[in-house]
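A quick write-up on the structure given underneath.
Please treat every number below as a calculation from the coordinates, not as lab data. Treat the numbers as computed from the prediction; the structure is a model and nothing was measured. Here Cβ is always computed from backbone atoms with ideal geometry, including for glycine, and neighbour counts include all displayed protein chains.
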Amino acid sequence: MLFGTKAVDPHQQQNHFLLVVGKVFTMQKVMFWLLAYVFAVGCFYLFGGSFIPLAIINTILFPFSVILIGYIARLFSQSAPFIFRLLYPNYKPLFNFYSKLVAVLLIIIKTIIYMFVWQYSFVVGILGLALMIFYANKLAK
């Protein structure tokens with residue numbers, strides 16, 4: 001065997017569904033998934049007391065909501081960079097010239113925005129998941 005050349009048989013039909021699911025979860029780094037789910041679980045414990053099934057759905061779909069919000073934020077990167085900085089899902093300041101106070105305020109505002117996004121992840125997350133499936137389906141072909 002030559003370094004995995006027998007790992008995928010070109011004549012065997014692969015399951016398209018599993019290929020798309022694999023692409024969806026490998027389009028983002030592992031650290032993204034970990035941070036998104038840690039934040040979602042934190043929101044679950046803070047806000048999930050009223051209706052548990054909806055809170056579980058919000059927690060599961062939250063990373064897909066973040067992906068959609070990040071996609072929308074990139075649309076503002078050239079025209080409105082401040083909106084881009086507020087919406088883009090990055091916990092680090094994007095530029096080095098921020099003062100410490102501005103950086104802390106930006107992180108606090110982003111946290112509030114993403115807590116709000118978590119509460120509506122049952123809708124936003126489905127749209128984000130659909131976007132991810134669309135792109136993964138394009139990549140799988």
Task: Gyration tensor (alpha-carbon) shape descriptor, region 29-140, a/c threshold 1.5 - done: oblate
TODO: Would you mind calculating the relative contact order of region 29-140 from Cα pairs under 8 angstrom and at least 6 residues apart, reporting the percent as a whole number?
DONE: 34 percent
Task: Per-pair calculated FRET efficiency, R0 = 25 Å: Ile126 and Leu86 via Cβ, rounded to 0.05 - done: 0.60
Open item on the list: Between Ile108 and Ile57, what is the label-point separation in nm under the 7 Å Cα-to-beta-carbon projection?
Closed with: 3.4 nm
Task: Using θ = phi - 60° and Karplus 6.51 cos²θ - 1.76 cosθ + 1.60, couplings along region 134-139 (whole Hz; Gly, Pro as x) - done: 4, 5, 5, 5, 5, 6
- [ ] Multiply the residue gap between Ile133 and Gln28 by 0.36 nm, knock off their C-alpha separation, and tell me the result in nm, one decimal place.
- [x] 36.5 nm
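For Phe76 and Leu18, what is the calculated FRET efficiency with R₀ set at 35 Å and r taken between the beta-carbons, to the nearest 0.05?
0.50
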